[in-house]
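*Asks:* Pasting in a structure now, in structure tokens, and then I'll have a few things to ask.
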Amino acid sequence: MKQLLLGAEAIALGALDAGISGVYAYPGTPSTEITEYIQKNKGDCEQPVHSTWSVNEKTAYEAALGMSYAGRRSLVCMKHVGLNVAADAFINSAITGVNGGLVVAVADDPSMHSSQNEQDSRVYGKFAMVPVIEPASQQELYDAVRYAFDFSESIKLPVLLRLTTRLAHSRAGVESAVSAVSRIQKTLNALYAPERFVLMPHNARRQYNNLLGMQDKLEEDSENSWLNRLLPGTGTIGVLAFGIAFNYVMEVREAFGLDYPVLKVGHYPLPRKKIDALFNSCDTILVAEEGYPVYEELLRGYFGNTHIKGRLDGTLPRAGELNADSVALALGLAKKEVIPVPAIMVNRPPELCKGCGHRDLYEALNTVMSSHEQHHVFSDIGCYTLGALAPYNAIHTCVDMGASITMAKGAADAGLRPAVAVIGDSTFTHSGMTGLLDAINDHSPLTVIIADNDTTAMTGGQNSSANGSRLLDICRGLGVEDAHLRAIIPLKSHLAENIAVLMEEISWEGVSVVIAQRECIETAARKKRNPAAKA
Amino acid sequence: MQINIILAGVGGQGILTIAAVIDHAALQSGLTVRQAEVHGMSQRGGAVQSHLRISDREIYSDLIAEGTANLILSVEPLEALRYLPFLAPDGRIVTSTDSFINMEGYPTMEQIFDELHRTNHPVLVNAAELAREAGSIRTSNMVMLGAAAPFIGIAAETLEASIEKLFQAKGADIAAMNIRAFRTGQALSQLQATPT
Ligand SMILES: Cc1ncc(C[n+]2csc(CCOP(=O)(O)OP(=O)(O)O)c2C)c(N)n1
């Protein structure tokens, strides 16, 4: 019987069935559910599977690489911007190559449902010169993950599995091929190969040449991949559909009873012969990509091939997710008359939960900042980012994880007073600690407020890497003076006290850290409902 | 057979419980299901929606095309209107009349009802009140599912069996209460719905 699984869960099940010994990840929408599914279901396996959260994507990637070095299969998962954090490890692991199968599942977020940008991870795959797999359905995801582990082991390279929000967060029936008890992990077999893994220039040059030498074979593998297939058809227009763009193209083809040929691509590098065949049989090609027009640009070339339509000439929208409607328009079908959204409609933006401690923190902080002429607050990514919206309008930057502290430091160096940063506990351990060390070494006048709600709330309440007294210890260890390392409780009843503490620390000309400690009301409620479950 | 349903509400109202029941019932009926949901940022009190598609054939797109939704099932009246461009010309709206106001500029109920009544025989449900009668305000999602049941293309008994299955872990009385809520919604819908 089929199980109804999110695309993210289909990846997880595929990886468990492929016999992974561990998943390494840092949460990030829409990739989080991959690791959560493994955490919930790994008990079915006979052998242990590592699945605790990593501090950030770079540590996750490197641990996964180490597991592969030791001969066993590992999965590493992250959202698209997480690959920026792990990029150094990722690119270099293509030079060393791998031992046990290593699959990197990266979930992109076109239309930016929960992200700062809509960068396309396929570019990273091309950059690292490793194969990229981009399945179009939940079942294909399941099958492709198992395939990717075998493939990774056979070519000794990491394989990038790219998906987007729509597939990650959509459910469909998935048939599994392996029963939990018959999952087989690889045995420990650490590779002694310093000539591959010590990337000093003399080794790196040789390894890089090997990687270059493999590219023809990787193209040949794409040519024969089950993820790349031509659906024959008639007419002068052909469609080159990448990843889940295939679904929209097929939806339109069926709904309107059309018969154009479609080349579905879900395995890169490009299968050149298949592409040539499509281009030779059609006058016009619509290139449909879910993400950046990466391959459209390549196929179009610098001088522009006028037979190619896509995102770059406005046939499809330049930004955002595709859907059946945009694809239908691109294929020249007339736009349907639809009922418009009524004029009385108003937006309903997300907000901090009623009773959330971040609200009380911002109430105190706003009072303090309003007494200063300059009231810029540098902040970061998490639930507390919602403090940028009304009624608080309390924070004024959110760029990338960890940037609050370092941007406040730079602004302080430029002469801005006061320089204030607000960062969550999980974001602080992800990449805020190193920036704090910079500030301490430079004696930059800066106040860092850590909003410690004991969890990674925005992504659904995963364990953070350090909370409570451990956060205080970390700050002390980095060199924050005891007198300027303060803890407050963000509750209405503590408002006056909290204002006083923040006022003192913000006016002190040195590095100070104020940790606002109060558990997230969502995780607290969850623990109450289900005391056995660890948050 | 192909049914496209947009489930609408506000983050935290639990539209995914409704989706889970329909998904389960559809699979039990041997149908194909695709159900796209929203996780992440907007779950914090923002507008949320789920595209649910059921068919006896292969389904390609996880998203419903504009003008092709057979049903908009909303647990909040303003949210029902947000997705109007998706509604098919003969599609139906089934919505709760319990408003959830957490932003500026929320229209008057009169304005909302005017817009709802422009659509094809909307079914308007005082879900909270009916849920309380069934035993708990927490069953209001099952009241709404009951009210929408005639438009889902799955037998009511199958939907009830799925409610039973999904709530049984919480105890037999909770499951029974949710089925009671489902039937209350169904009865109201039969009273209101003019066949098309
Ligand atoms: C590089 C990167 N990885 C992951 C994410 C996804 N993400 C956004 S906020 C967040 C965690 C926030 O946790 P915390 O700092 O504790 O704040 P809270 O939400 O608990 O208030 C994560 C993991 C991201 N935006 N960027």
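*Asks:* With open to solvent by less than 10 Å² (accessible area, probe 1.4 Å) and at the interface with chain A (Cβ under 10 Å from one of its Cβ atoms) as the only criterion, which of B:A19, B:A65, B:A47 stands out?
*Replies:* Working: B:A65 fails: open to solvent by less than 10 Å² (accessible area, probe 1.4 Å); B:A47 fails: open to solvent by less than 10 Å² (accessible area, probe 1.4 Å).
When all the criteria are applied, what remains is B:A19.
*Asks:* Please verify whether the stretch A:441-455 includes one or more residues that are part of a helix (DSSP H, G or I) and open to solvent by 50 Å² or more (accessible area, probe 1.4 Å).
*Replies:* Yes, there is a match, as at least one residue in the stretch A:441-455 is part of a helix (DSSP H, G or I) and open to solvent by 50 Å² or more (accessible area, probe 1.4 Å).
*Asks:* Would it be correct to say that A:V501 is in contact with a strand residue (DSSP E or B) (Cβ under 7 Å, 6 or more places away or on another chain), without any contact (Cβ under 8 Å) to a residue 60 or more places away in the chain and either open to solvent by 60 Å² or more (accessible area, probe 1.4 Å) or more than 16 Å from the ligand (Cβ to nearest atom) (or both)? Don't jump to the end; show me each part of the working.
*Replies:* Working: in contact with a strand residue (DSSP E or B) (Cβ under 7 Å, 6 or more places away or on another chain): yes; without any contact (Cβ under 8 Å) to a residue 60 or more places away in the chain: yes; either open to solvent by 60 Å² or more (accessible area, probe 1.4 Å) or more than 16 Å from the ligand (Cβ to nearest atom) (or both): yes.
Spelling it out, A:V501 is indeed in contact with a strand residue (DSSP E or B) (Cβ under 7 Å, 6 or more places away or on another chain), without any contact (Cβ under 8 Å) to a residue 60 or more places away in the chain and either open to solvent by 60 Å² or more (accessible area, probe 1.4 Å) or more than 16 Å from the ligand (Cβ to nearest atom) (or both).
*Asks:* Here's a follow-up. Being open to solvent by less than 10 Å² (accessible area, probe 1.4 Å) and more than 10 Å from chain A (Cβ to nearest Cβ) is the filter; apply it to the stretch B:76-108 and report the residue that is farthest from the chain's Cα centre (by Cα).
*Replies:* Filtering first and then ranking leaves B:P77.
*Asks:* Could you check A:G460 against (1) assigned to a loop (DSSP other than H, G, I, E, B); (2) away from every other protein chain (no Cβ under 14 Å); (3) within 14 Å of the ligand (Cβ to nearest atom); (4) not hydrophobic (A, V, I, L, M, F, W, C) and say which number it fails?
*Replies:* (2)
*Asks:* Looking at the stretch A:352-367, can you tell me whether even one residue there is over 21 Å from A:S404 (Cβ atoms) and free of Cβ contacts under 8 Å to residues at least 40 places away in the same chain?
*Replies:* yes
*Asks:* Of the conditions (1) touching a Gly at 6+ places or on another chain (Cβ under 8 Å); (2) under 28 Å from A:S93 (Cβ atoms); (3) at pLDDT 95 or above, A:Y147 fails just one. Which one is it?
*Replies:* (1)
*Asks:* Is it the case, given these coordinates, that A:A94 is more than 14 Å from chain B (Cβ to nearest Cβ), in a helix (DSSP H, G or I) and either away from the ligand (no atom under 16 Å from the Cβ) or among the polar types (S, T, N, Q) (or both)? Break it down stepwise before answering.
*Replies:* On the way: more than 14 Å from chain B (Cβ to nearest Cβ): yes; in a helix (DSSP H, G or I): yes; either away from the ligand (no atom under 16 Å from the Cβ) or among the polar types (S, T, N, Q) (or both): yes.
So A:A94 fits the description; yes.
*Asks:* Restricting attention to the stretch A:474-494, report how many residues are surrounded by 12 or more Cβ atoms within 10 Å (Cβ to Cβ) and acidic (D, E). Talk me through it step by step, then tell me what you get.
*Replies:* Step one: list which residues in the stretch A:474-494 are surrounded by 12 or more Cβ atoms within 10 Å (Cβ to Cβ), which gives A:474-476, A:478-481, A:484-491, A:494.
Remaining after also requiring acidic (D, E): A:481.
Number satisfying all stated conditions: 1.
*Asks:* Check every one of the strands (runs of 3 or more DSSP E) wholly within the stretch A:1-90 and list those with 3 or more residues that are more than 16 Å from the ligand (Cβ to nearest atom). Break it down into steps so the answer makes sense when it comes.
*Replies:* On the way: elements: A:3-6, A:22-25, A:74-79.
Strands (runs of 3 or more DSSP E) meeting the threshold: A:3-6.
*Asks:* Now for a different question. Examine the stretch A:170-183 for a residue that is within 16 Å of the ligand (Cβ to nearest atom), open to solvent by 50 Å² or more (accessible area, probe 1.4 Å) and within 21 Å of the chain's Cα centre (by Cα), and state whether such a residue exists. Working first, answer last.
*Replies:* Just the residues of the stretch A:170-183 that are within 16 Å of the ligand (Cβ to nearest atom), to begin with: none.
No, the stretch A:170-183 contains no residue that is within 16 Å of the ligand (Cβ to nearest atom), open to solvent by 50 Å² or more (accessible area, probe 1.4 Å) and within 21 Å of the chain's Cα centre (by Cα).
*Asks:* If you check A:G28, A:G66, A:G7, which single one turns out to be without any contact (Cβ under 8 Å) to a residue 12 or more places away in the chain and either closer than 21 Å to A:L199 by Cβ or open to solvent by less than 10 Å² (accessible area, probe 1.4 Å) (or both)?
*Replies:* Details: A:G28 fails: without any contact (Cβ under 8 Å) to a residue 12 or more places away in the chain; A:G7 fails: without any contact (Cβ under 8 Å) to a residue 12 or more places away in the chain.
Sole residue among the options that is without any contact (Cβ under 8 Å) to a residue 12 or more places away in the chain and either closer than 21 Å to A:L199 by Cβ or open to solvent by less than 10 Å² (accessible area, probe 1.4 Å) (or both): A:G66.
*Asks:* Which one of these is without any contact (Cβ under 8 Å) to a residue 60 or more places away in the chain and buried (at least 24 other Cβ atoms within 10 Å of the Cβ): A:A516, A:A419? Before the answer, list the steps.
*Replies:* On the way: A:A516 fails: without any contact (Cβ under 8 Å) to a residue 60 or more places away in the chain.
The unique qualifying residue is A:A419.
*Asks:* Mind checking which residues of the stretch A:318-369 are open to solvent by 30 Å² or more (accessible area, probe 1.4 Å) and of a type in the set (K, R)?
*Replies:* Selection gives A:R318, A:K335, A:K336, A:K354, A:R359.
*Asks:* Which of (1) open to solvent by 20 Å² or more (accessible area, probe 1.4 Å); (2) within 14 Å of chain B (Cβ to nearest Cβ); (3) not in a helix (DSSP H, G or I) is the odd one out, the single condition A:G314 does not satisfy?
*Replies:* (2)
The values are calculated or read from the model by the stated rules, or taken from the named source; none is laboratory data. Because the structure is predicted, anything quoted here is derived from the model rather than measured. Cβ: placed from backbone, ideal geometry, glycine included. Neighbour counts: every protein chain shown. These accessible areas exclude ligands, DNA and RNA; they are computed on the full protein's heavy atoms, side chains included. Shrake-Rupley method; radii C 1.70, N 1.55, O 1.52, S 1.80 Å.
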